[in-house]
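J.: Handing you this structure, nothing more for now.
The values are calculated or read from the model by the stated rules, or taken from the named source; none is laboratory data. Please read these numbers as outputs of a predicted model, since none were measured by experiment. Here the Cβ is made from the backbone with ideal geometry for all residues, glycine too, and neighbour counts use every protein chain on show.
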Amino acid sequence: EKGKGYNPKRGAKVIAWARDFLDRSAPLANGSWSSASGIKIVDGTVQIALDGAWTALAHPAQFAGFGGEASAPS
């Protein structure tokens, strides 16, 4: 549904597509990107918040780097 302004339904579909893409291309050690609620960098590794716990990438070598602060990478 294209329009002039932001469309929440379309936005939700884009986010769902992106999270599915991440599940296939950069899977997590535990859980799914669809449940991810935050990201931080700890000792040079990416940590992903899932339902009150933290997980990492299933293949840590996929992490190439980050910009910004380790506590709030961009």
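J.: Scan segment 12-23 and report the pairs whose first residue is in contact (Cβ under 8 Å) with a residue 12 or more places away in the chain and whose second residue is among the small types (Gly, Ala, Ser), with Cβ atoms within less than 7 Å and a gap of 6+ or a chain change.
T.: Listed pairs, sorted by first residue: ARG19/SER34.
J.: Okay, next question. Considering segment 8-31 alone, what residues qualify as being in contact with a helix residue (DSSP H, G or I) (Cβ under 9 Å, 6 or more places away or on another chain) and over 21 Å from PHE66 (Cβ atoms)?
T.: Within segment 8-31, ALA16, ASP20 qualify.
J.: What do you reckon, is ALA61 assigned to a helix (DSSP H, G or I) and either at pLDDT below 95 or loosely packed, with under 10 Cβ neighbours inside 10 Å (or both)? It would help to see each step written out before you state the result.
T.: On the way: assigned to a helix (DSSP H, G or I): yes; either at pLDDT below 95 or loosely packed, with under 10 Cβ neighbours inside 10 Å (or both): yes.
Taking the combined requirement at face value, the residue satisfies it.
J.: Still on this structure: Would you mention how many residues in segment 1-36 are loosely packed, with under 11 Cβ neighbours inside 10 Å, among the hydroxyl-bearing types (Ser, Thr, Tyr) and at pLDDT 95 or above?
T.: Going through segment 1-36 one residue at a time, the tally reaches 1.
J.: So ALA70 fits all but one of (1) at pLDDT below 95; (2) exposed (fewer than 11 other Cβ atoms within 10 Å of the Cβ); what number is the exception?
T.: The single condition ALA70 does not satisfy is (2).
J.: Could you count how many residues in segment 22-38 are among the small types (Gly, Ala, Ser) and part of a loop (DSSP other than H, G, I, E, B)? First the steps, then the outcome.
T.: Initially, segment 22-38 is screened for residues among the small types (Gly, Ala, Ser), giving 25-26, 29, 31-32, 34-38.
Now drop any that are not part of a loop (DSSP other than H, G, I, E, B), which leaves 26, 29, 31-32.
Looking only at that region, the number is 4.
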